[in-house]
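The values are calculated or read from the model by the stated rules, or taken from the named source; none is laboratory data. Quick caveat: nothing in here was measured; it's all calculated off a predicted structure. Glycine also receives a Cβ, built like all others from the backbone with ideal geometry; neighbour counts cover every protein chain displayed. Accessible surface is based on the protein model in full, side chains and every heavy atom, while ligands, DNA and RNA are left aside. Shrake-Rupley method; radii C 1.70, N 1.55, O 1.52, S 1.80 Å.
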Amino acid sequence: MKVLKFGGTSVGSAERMRAVADLVRRGGRNVVVLSAMSGTTNTLVEITDYLYKGNIPGAQETLNTLEMKYSGVISELYSTDTARARAAMLIGESIGYIRALIQGEFAVAEEREILARGELMSTAMMNEYLHECGVRSVMLPALEYMRTDSNGEPDMKYIATRLGRLMDMNQDADVYITQGYICRNAFGDIDNLKRGGSDYTASIIGAVLNAEEIQIWTDIDGMHNNDPRYVEGTRPVSRLNFEEAAELAYFGAKILHPNCVLPAKLNNIPVRLLNTMQPEATGTVIYNMPPDGSIKAVAAKDNITAVKIKSGRMLLAYGFLHKVFETFEKHRTSIDMIATSEVGVTLTIDDDSRLAAIVDDLKHFGTVTVDRDMVIICVVGDLEWHNRGFESRAVAALADIPIRMISYGGSNYNISMVVHKDNKVEALRRLSEKLFD
């Protein structure tokens, strides 16, 4: 059994839903994980934003626009009046549910309930369409088995037990349909796995079912060796190991959610990245392969802030780094990169929402400077230190581009360089020319 996850663009229209249904029908008795239709989650976020601001008419008007969008898709997707009526009823239930929440008290719990409707609507429509096509598809409601524990981590034992029970009750199904992204938390309330969480859902399901393979279907044919939005002539990387994929996912390759990698890696389940627009393309397969002595890809992570703490007493100051890290921990801000010297340390963060408070605390330990609008350029591959020349090729490619910071040796799979956002595109192009062309 395989787990197939389809993203929002893959189910973003009636035409795309038909294409996904064809792939599902040809694939066999698998578990299919769906995201919300493209644009839906953004619209639901907009509705919640209006409600937080107390603008009920704004929320209602936005919901009405969303309802009309779904009405149009229903009219186009189904070929019989009976199927259209059933789909309209199912979508109407979700729209009515949101409408009721708009009129009541609104807080975080209601926000999460609203955000969950996107996946519930896309799976309802797909399930109904498969029924119309004569497929015995069965819904596995994610809210009945997907749960996080008190630490916000997947409760794997609970998930395995509940999901196994649901599947045992429907052993004659041709295919199983379920929602990505949404879950319940340790208190039983509706929650979610954050943005990109549908990939995580697929990986968790694959792990608990010991699936043959996890397939992530998007609108691009695998993970490319550079960002095709900025660099011409990029090509898919045919094979990656899990460590390389994790580095690329974390440092900017949008095709794969970083959290997706670990459950698959621990359970030795290959992850294949495929393109719904070009299903015949081989894509990228990720698995526990040994290093192969090559540089695989380049990725970029935007909106980076570099924070430098300089202290003349650092060399003799026992616990200096501990105090610095403790400051970021106190303000619940994760660190991407770090570089140290005898008199200072520079760190990068991608969340500057608490930056003012962090800087204020760090000034107790030294002089603080901040560089905003930076980008991490990450070169990924077999970069163990004894592979001579790999790191020098990456640095040489950026010979005339100012580099704010370099991190090498933290792992065997990447070298990362921080540049200003104005130099991002040129840096990506230079690296492609030097490393791949």
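For the stretch 7-70, report the accessible area per residue in Å² (1.4 Å probe, heavy atoms, rounded to an integer).
Values: 2700 Å² over 64 residues.
Per residue, the stretch 7-70 has 42 Å² of solvent-accessible surface.
Two decimals is fine: what is log10 I(q)/I(0) at q = 0.20, 0.21, 0.27 Å⁻¹ for the stretch 324-364, from a Debye sum with one equal scatterer on every Cα and no solvent?
So the normalised log intensities are -0.59, -0.65, -1.03.
For the stretch 277-426, which whole-number percentage of the solvent-accessible area (1.4 Å probe, protein heavy atoms only) is attributable to carbon and sulfur atoms? Walk me through the numbers on the way to the answer.
On the way: 3950 of 7800 Å².
So the carbon and sulfur contribution to the accessible surface is 51 percent.
Would you mind calculating the relative contact order of the chain from Cα pairs under 8 angstrom and at least 6 residues apart, reporting the percent as a whole number? Could the numbers behind the result be given before it?
Values: 854 pairs, mean separation 57.3, N = 437.
Contact order relative to length: 13 percent.
Counting heavy atoms of the protein chains only and a 1.4 Å probe, report the per residue accessible area for the stretch 84-186 as a whole number of Å². Display every interim value, and only then the final one.
Details: 4460 Å² over 103 residues.
On a per-residue basis, the stretch 84-186 sits at 43 Å².
Over all directions, the average projected area of the alpha-carbon convex hull for the chain comes to how many nm²? Don't skip to the end; give the middle numbers.
Values: hull surface 93.2 nm².
Averaged projected area of the chain's Cα convex hull equals 23.3 nm².
So what does Lys308 come to for accessible area, using a 1.4 Å probe and Å² rounded to 10?
80
Need the full-extension length gain, Ala357 to Asp189, defined as separation in residues times 0.36 nm minus the C-alpha distance. One decimal, nm. Let's see the in-between values first.
On the way: separation 168, 0.36 × 168 = 60.48 nm, distance 3.19 nm.
Length gained, Ala357 through Asp189: 57.3 nm.
Any chance you could run the full-extension gain for Asn268 through Tyr97? It's 0.36 nm times the residue separation minus the Cα-Cα distance, nm to one decimal. Let's see the in-between values first.
Numbers: separation 171, 0.36 × 171 = 61.56 nm, distance 4.04 nm.
Stretched out fully, the Asn268 to Tyr97 stretch lengthens by 57.5 nm.
Please state, rounded to one decimal and in Å, the Kirkwood hydrodynamic radius that the stretch 1-86 gives when every pair of distinct Cα atoms enters the mean of 1/r.
On the way: mean 1/r = 0.0682 Å⁻¹.
Across the stretch 1-86, the inverse of the average 1/r is 14.7 Å.
Once you have the Cα-Cα distance between Met277 and Trp385, take 0.36 nm times their residue separation minus that, and quote the gain in nm to one decimal. Please list the in-between numbers first.
Numbers: separation 108, 0.36 × 108 = 38.88 nm, distance 3.97 nm.
Stretched fully, the Met277-Trp385 segment lengthens by 34.9 nm.
Find the centroid of the Cα atoms in the stretch 354-395 and in the stretch 168-195, then give the distance between the two in whole Å.
Answer, in whole Å: 38.
Quick check for you: which residues of the stretch 16-38 have the amide N under 13 Å from the point 7 Å beyond the Cα of Met1 toward its beta carbon?
29-33
Using the alpha-carbon centroid of each, what span in Å lies between the stretch 75-93 and the stretch 1-72?
15
Sorted by accessible area with a 1.4 angstrom probe, largest first, how do Tyr145, Tyr129 fall? Spell out each step's value before the answer.
Details: Tyr145 0, Tyr129 25 Å².
The residues order as Tyr129, Tyr145, largest area first.
Quick one: how many Å² of Cys378 are accessible to a 1.4 Å probe, rounded to 10?
Counting only protein heavy atoms, Cys378 exposes about 0 Å² to solvent.
Hand me the chymotrypsin sites (Phe, Trp or Tyr not before Pro) from the stretch 316-423 located in a DSSP loop with no more than 15 other Cβ atoms within 10 Å, in residue order please. Working shown, then result.
On the way: sites: Tyr318, Phe320, Phe325, Phe328, Phe365, Trp385, Phe390, Tyr408, Tyr413; in loops: Tyr318, Phe365, Trp385, Tyr413.
Hits after loop and neighbour filter: Tyr318, Trp385.
For the stretch 186-244, state the semi-axes of the equivalent ellipsoid (square roots of 5 times the eigenvalues of the alpha-carbon gyration tensor), sorted largest first and rounded to whole angstrom. Could you put the intermediate results ahead of the total?
Working: eigenvalues 170, 53, 17 Å².
Semi-axes from the Cα gyration tensor: 29, 16, 9 Å.
Between Val343 and Glu433, what is the label-to-label distance in nm when each label sits 7 Å out along the Cα-to-Cβ direction?
Computed distance between label sites Val343 and Glu433 equals 3.7 nm.
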